[in-house]
Amino acid sequence: MDKLPKELWIEIFDYLKAKDLIALTECCKDFYSIIIDTKLMKKFTLHLKNDNFEWLGERKYSKIEIKECNDLEKYINIFSAVGLNVLKISIINIQLNSGYLLKIFKCCPKLQEFYFSNVKIFEDIELQSLDNNKIIERIVFEDSSPVIFKLFINTSVKEIWIDNKCSNENVDFIPLRDLLKIQEYLKELRLAYFSINTNLFNDNVLDFVPFRLEKFSMNNVYLGIESVARFHTFLLNHKESLRFIFLQSPFINVSFFNQFYFLEELQLCHTNAFFEPFENIKKLQVENVSGNFMDKFPNAEELTMIYKYGVFLGMYGDLVKLTKLEKLTVIDSKIPELKIPLVKKLKLKNVVICHKRPFKYEENSIRELYIESCNTIDWIPDYLA
Amino acid sequence: MDIDRPSDPQVSVVSSDGTMFHTTLKSILLSGTIKDMIEHIGEGGVENMGAIPLQNVDSKTLEIVIKWIEHHKDNIQPTSEEIKDKTADFIDPWDENFLEMDLDKLYNLITAANYLNIPQLLWLSTRKIAMLIKNRTPQEIRSLFNIEDDWTPQEIEAVQKENQWCEEK
């Protein structure tokens, strides 16, 4: 295609996902070589499963996924051939021995992102930490053997997401305390579905300095009653750097949020809004939050509301108070009567609207409208239809 | 030079094929290339400046570009960094309508937006072509761009085989 120079074709193709890029490679040789030789290759993931795979030796993959494989040995050749460019690895539903895991990582020296889901490790060789100068962008750890964390003891990790929804394994012994190097770099920590009874907060495990956490999320984490005070101290220690907190957990009194008036982004779940106003919040998500919370966020620009079990509680005309609102998303709700300020972007999904003209709008006030699975669209203004 | 002055002086540009166009300073400053050029002229230079020659843009394309910059002259233009982050979920209906043109015009517009360094216009026009490619089969893409299939059966079989390993579930 000589109508445009190669750099501009790359810009065009950059909007597309892997599926469309695959179609383009089959189109003609010019497009093929543009795609496999450039940054566009980053969108491809090589999926290794229980099949035979013939690698042509031309493409430089940057993401690999191994899933449900029994015979892993046969893939070592592929790893040694493509590993040099691989930045992200996903290992899913696999039992493997630690020796093999080390072999894979040896082939992929540039790895920055690790995703483990239901990975069980048999430690035939003791796992050693990866290169200690390594900077790791993210580790996602779901229902897998905690021993994997040994790999990261001397590395610098920016984000750790731990989710143990389906695992019976006790993750309390994840050696977070030992991850001194990690702590220096950690900016985001997400914890979900596990119990923090005594270890994590009580033994000052998370009181470590000097890391500066920017985002912290805790979803269905059981916090023993004696850990609550420790947990509060932990969050307050990061007060200077934290920009985002997400909490969904019993035993946390929301009033303690008052100390986080500086936050710009907040997600609340299953809670009552008893706190003082948060003047700085620009982006807010509420899920089954009862009470009149609108008063608390006078400067919110973006609001997402999710009400899984029905009607907005205490929601009659309050939204109008959010005078700075630009983007509103409502999911899974029943709206009895709702007056909405003039928003530019409005998104509704699974919403039942019980009022004929629930939305106040002016000509051209809404610039973007997205509606999915809603009961009626009678009220849509003509200029948007 | 104070580019925020309330009055918006006239500026002329000349296309590669010698046609002169008149527009305003505010509009033409959306072009990073011309903005750099004018900033170098310095204080008071704009009024005395002659027509700006644009050797890489023909008159048909320049006309389209001027229509776009005049429409957007009062809007705050995002930087190229901001555009890169944008997940392209919303296009102004005016722009959507504006981009309804044939591929050859679109190619010229992309080349011009790139040369004149107008990030938002480049983003819109390249994205437009990307949206034409989206969800098409290889054969459909070939007829869209009017290109020939230069793969041999053996070659394409090998490419397809490897592609199977890259497809999302």
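The values are calculated or read from the model by the stated rules, or taken from the named source; none is laboratory data. Here the structure is a predicted model, which is why all the values come from computation and not from measurement. Using ideal geometry, Cβ is built from the backbone for each residue, glycine included, and neighbour counts are taken over all protein chains shown. Heads up: the accessible areas ignore ligands, DNA and RNA and are worked out on the full protein's heavy atoms, side chains in. Shrake-Rupley method; radii C 1.70, N 1.55, O 1.52, S 1.80 Å.
If each Cα of region B:10-149 is one equal point scatterer, what is log10 of I(q)/I(0) from the Debye formula at q = 0.14, 0.22 Å⁻¹?
Per q value, in the given order, log10 I(q)/I(0) is -0.70, -1.43.
Where does each of A:E240, A:E159 land when they are ordered by accessible area, with a 1.4 Å probe and the largest first?
A:E240, A:E159
Please report the accessible area of B:T33 (heavy atoms, 1.4 Å probe, ligands and nucleic acids excluded) in Å², nearest 10.
40
Report the B-A buried area as the accessible area lost on both sides summed, probe 1.4 Å, in Å² to the nearest 100.
So the buried area, both faces added, is about 3800 Å².
7 Å from Cα along Cα→Cβ at both A:N118 and B:S16: what's the point-to-point distance in nm?
Placing both labels 7 Å beyond Cα along the Cβ direction yields 5.8 nm.
Pop out the carbon and sulfur fraction of the accessible area of region B:10-149 as a percent, whole number, probe 1.4 Å.
Of all accessible area on region B:10-149, carbon and sulfur atoms account for 47 percent.
Please give, to one decimal in nm, the separation of the simple spin-label points placed at B:W94 and A:K3, each 7 Å out from Cα toward the Cβ.
Rounded to a tenth, the inter-label distance reads 2.7 nm.
Could you give the accessible area per residue of region B:10-149, probe 1.4 Å, as a whole number in Å²?
In whole numbers, region B:10-149 has 53 Å² accessible per residue.
Rounded to the nearest 0.05, what FRET efficiency is calculated for B:L144 and A:E126 with R0 set to 56 Å and r the Cβ-Cβ distance?
FRET efficiency, B:L144 to A:E126: 0.50.
How much solvent-accessible surface does B:I133 expose, in Å² to the nearest 10, with a 1.4 Å probe and all protein chains in place?
That residue has around 0 Å² of solvent-accessible surface.
Need one number: nm distance between label points at A:K106 and B:M101, each 7 Å from Cα along Cα→Cβ, rounded to one decimal.
My value for the distance between the label points is 5.9 nm.
On average, how much accessible surface per residue is there in region A:1-153, in Å², for a 1.4 Å probe, leaving out ligands, DNA and RNA? Walk me through the intermediate numbers first.
On the way: 6610 Å² over 153 residues.
Here the residues of region A:1-153 average 43 Å² of exposed surface.
For region B:102-131, list whatever residues lose no less than 10 Å² of accessible surface once every protein chain is in place, relative to that chain by itself, with the probe at 1.4 Å.
B:D104, B:Y107, B:I110, B:T111, B:N114, B:L122, B:W123, B:T126, B:R127, B:I129, B:A130, B:M131
Using packing as a proxy for protection, rank B:97-109, B:139-151 so that the peptide with the highest average count of other Cβ atoms within 10 Å comes first.
Ranked by mean Cβ neighbours within 10 Å, highest first: B:97-109, B:139-151.
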